[in-house]
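Taking it in order: structure first as structure tokens, then the write-up.
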Amino acid sequence: MERFVHQLKSALEVLPGEDAHELMMPRKRAESVRQLRRDNDFRESAVAIILFEKQRQLHFTLIQRPNYNGAHSGQVAFPGGKQDKTDVSLIHTAKRESREEIGVREEDLNEVGALTPIYIPVSKFKVSPFIFWWEGSYEFVADEREVDEILVVPLRDLLEEHRIKKSQFKVGGGITLKDIPFFDLADKRVWGATAIILSEFRAVLQHLSL
């Protein structure tokens, strides 16, 4: 796995950025760069893409949020959240949130690199995705308040073309979004910001040997 991590670090030096985001972006959603010029009252947040070896294969984690009265109710996401005033950096935010949400010790997360930040207009969060290699050998523990389910996904699944689909999604206010792209992973529909981030990660991985 050491060879893979080294290759991934090198691949992350030049990112495909919003060209890769476009594949999983709803048609009416503008690029993050354009939206950030318009909205200057956004909040910073960070998420963690946690890579690890299981049964001699590479995997990563996703979580399913519980149902609540909010914009991202029930959605599949990465461990992560908003930056606290006590966080010394956004990397620290991603690590702290991973500890709080799925029980991963911060010292067991080794930074590999970062992907292109994206902006979520509905919640006004700028999200910075960080990739970590996890050295732990213990079980994940879901926070009962913030996580309904922890999903362990084989990394190879992300590269399979048939995983990319389109469907309609019901959101708040009785609104139905149509023809929304999503990844079919771990028997879940992964869409929105998480799918956009995964799209860039997938573009990076396509140049590597898994």
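Some observations on this one:
- Whenever a residue of region 6-21 is without any contact (Cβ under 8 Å) to a residue 12 or more places away in the chain, it has no partner that is open to solvent by 50 Å² or more (accessible area, probe 1.4 Å) lying with C-beta atoms less than 8 angstrom away and at least six residues away or across chains.
- Taking (1) at pLDDT below 95; (2) among the acidic types (Asp, Glu); (3) more than 17 Å from the chain's Cα centre (by Cα) in turn, residue 87 satisfies each apart from (1).
- Any hit, region 174-186, residues being out of contact with any Cys (no Cβ under 9 Å at 6 or more places or on another chain), polar (S, T, N, Q), touching a residue at least 12 places away in the same chain (Cβ under 8 Å) and closer than 21 Å to residue 66 by Cα: no
Listed here are the residues, each with its yes/no results for (1) open to solvent by 40 Å² or more (accessible area, probe 1.4 Å); (2) assigned to a strand (DSSP E or B); (3) of a type in the set (D, E, K, R).
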{"residue": "144", "(1), (2), (3)": "yes, no, yes"}
{"residue": "147", "(1), (2), (3)": "no, no, no"}
{"residue": "153", "(1), (2), (3)": "no, yes, no"}
{"residue": "156", "(1), (2), (3)": "yes, no, yes"}
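- Exactly one residue out of 157, 143 is touching a strand residue (DSSP E or B) at 6+ places or on another chain (Cβ under 8 Å), under 27 Å from residue 98 (Cβ atoms) and not β-branched (Val, Ile, Thr), and it is 157.
- Region 158-201 - residue that is farther than 29 Å from residue 13 by Cβ and of a type in the set (S, T, N, Q) and, of those, least open to solvent (accessible area, probe 1.4 Å): 167
- Selection from region 117-127 of residues that are of a type outside the set (D, E, K, R), under 16 Å from the mean Cα position of the chain (by Cα) and open to solvent by 30 Å² or more (accessible area, probe 1.4 Å): 117, 125
- The one condition from (1) over 26 Å from residue 17 (Cβ atoms); (2) touching a Ser or Thr at 6+ places or on another chain (Cβ under 8 Å) that residue 87 does not meet is (1).
- Condition met for residue 51 (open to solvent by 10 Å² or more (accessible area, probe 1.4 Å) and assigned to a strand (DSSP E or B)): no
Here's the yes/no breakdown for (1) at pLDDT below 90; (2) out of contact with any Lys or Arg (no Cβ under 9 Å at 6 or more places or on another chain):
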| site | (1), (2) |
| --- | --- |
| 2 | yes, yes |
| 22 | no, yes |
| 26 | yes, yes |
| 30 | yes, no |
| 36 | yes, no |
| 47 | no, yes |
| 54 | no, yes |
| 68 | yes, yes |
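- Residue list for region 73-116, filter: open to solvent by less than 50 Å² (accessible area, probe 1.4 Å), in a loop (DSSP other than H, G, I, E, B) and not hydrophobic (A, V, I, L, M, F, W, C): 73, 74, 75, 79, 87, 89, 103, 116
The values are calculated or read from the model by the stated rules, or taken from the named source; none is laboratory data. Predicted model only: the values in this text are computed from it and were never measured. Note that each Cβ is placed from the backbone with ideal geometry, even for glycine, and that neighbours are counted across all protein chains shown. In case anyone asks, the SASA skips ligands and DNA or RNA and just uses the protein heavy atoms, side chains included. Shrake-Rupley method; radii C 1.70, N 1.55, O 1.52, S 1.80 Å.
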